[in-house]
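Read through the structure below, which is laid out as structure tokens, and then see the notes.
The values are calculated or read from the model by the stated rules, or taken from the named source; none is laboratory data. Being a predicted model, the structure only gives us computed values, none of them experimental. Here the Cβ positions follow ideal geometry from the backbone for every residue, glycine too, while neighbour counts run over all protein chains shown. Just the protein is used for accessible areas: all its heavy atoms, side chains included, with ligands, DNA and RNA removed. Shrake-Rupley method; radii C 1.70, N 1.55, O 1.52, S 1.80 Å.
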Amino acid sequence: MDIRDLFDISLPIIQAPMAGAQNHQLAAAVSTAGGLGSVPAGMLAAEVLDAELTAMAALTDKPYNVNFFCHRTPVADPRRDEAWLAMLMPFLQELQIDPASIPSGATRKPFDAAMADVIERHRPAVVSFHFGLPAPDLLQRVRATGAKILSSATTLEEGLWLQAQGVDAVIAQGLEAGGHRGMFLSDDIDSQVGILALLPQLVAALDIPVIAAGCIADARGVAAAQALGAAGVQVGTAYLLCDESRISQLHRQALQSPAARNTVLTTLFSGRPARGIVNRLIQELGPRPDAVPTFPLAGNAISVLRAKAESQGLDHYSPLWAGQNVSGCRSIPAAELTAALTVGWRA
């Protein structure tokens, strides 16, 4: 079974949910074009997500996906927070930012009962999760709506675990993919492998559809994923320059510059490994220093630095998320890109 049958869509394309880079407009464009558009909820409050899905329904009646994070809310570590602020102090002083202005507490919440209420009201065709799955009672509430359940696996062990929990399909997230790693059974970066190694392993071991993600930016990549047994593909980076994307002008410029050739997995912007274009913060602190607070607490100080720098036209502290292959990024409507990706997919 490929994902066209599983999700009742006409094209085997999922637009990757990209929190902070898009809203319902990109998702609606992809769904209307025949793929599966995704609405990212990882940075939204329940009432904001409710409004997003209401707006989504006004633009399309096609199936769509809603994506959530499943991390555990961390307890603050005063020693690590102190070390983190000390590391950032030269940048704060340079931009004349008072450390007292930095917010505290977790600014991103995992999937919870309030979000389950929203899913029950809107009943999307698909609900996907990053960093594993929510608690069984919450997952059962989602299942009861009739939604298909997806989650990302970055290793064979994660794929087997997800299958045992009864998900409908697994997203194989290769090491090349942009944005946050979906890893959840281990925090060992060395366990992460590329899509050409991960996809065949998952296809051979699982009895459910496997969706390929990572470095797929054009029709050739889509066809290659199918040849390795993928039931469909999830594409993110290639959509970042589309007309419906909401990334900043600084991010757009970076994606179209030689800098986009150099991406790295970094914890600096959120506390979890995520792939983005190397900028000043990464160059000066290194991609994954020990002092970085637990996800999502690192983002508190970074958001203040980012806002001040971006107001001056600088991307020094901006998370410039991108995968290792930006060759498919084009400033075109998302519907046009969605159709172009599937040329060569064998029926």
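At-a-glance table
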quantity	calculated
Acute angle (nearest 10 degrees) that the helix 46-59 long axis makes with the longest principal axis of the chain, alpha-carbon atoms	40
The range 92-251 shape via C-alpha gyration tensor axes, a/c threshold 1.5	oblate
Whether the range 1-145 is rounded, prolate or oblate, judged on the alpha carbon gyration tensor where a/c under 1.5 counts as rounded	prolate
Spatially proximal lysines relative to Lys62 (Cα-Cα < 27 Å; intrachain offsets below 8 disregarded)	Lys148
Loop-exposed trypsin sites (Lys or Arg not before Pro) per DSSP, neighbour cap 14 Cβ within 10 angstrom, longest uninterrupted part of the chain	73-245
Efficiency of FRET between Leu196 and Arg252 - r from beta-carbon atoms, R0 30 angstrom, step 0.05	0.55
Inter-probe distance in nm under a simple model that places probes 7 Å from Cα toward Cβ, at Asp188 and Ala58	5.0
Amide N of the range 291-330 lying under 19 Å from the label point, which is placed 7 angstrom from the Cα of Leu85 along Cα→Cβ	291-308
Relative contact order, percent, the chain [alpha-carbon distance under 8 Å, six or more residues apart]	20
Label-point separation, Ala219 to Asp137 (7 Å along Cα→Cβ), nm	5.1
Contour excess over end-to-end distance, with Cα ends at Asp207 and Ala114 and 0.36 nm allotted per residue	30.2 nm
Cα→Cβ-extended label distance, 7 Å offset, between Leu160 and Glu94, nm	4.7
Angle in degrees between helix 78-94 and the longest Cα principal axis of the chain, rounded to the nearest 10	70
Accessible carbon and sulfur surface of the range 231-319 relative to its total accessible area, %, 1.4 Å	44
Shape category assigned to the range 169-241 from the gyration tensor of Cα positions, a/c cut at 1.5	oblate
Förster-model FRET efficiency, 45 Å R0, Ser331 and Glu47, C-beta, rounded to 0.05	0.85
Kirkwood Rh in Å, taken over all unlike Cα pairs in the chain	20.2
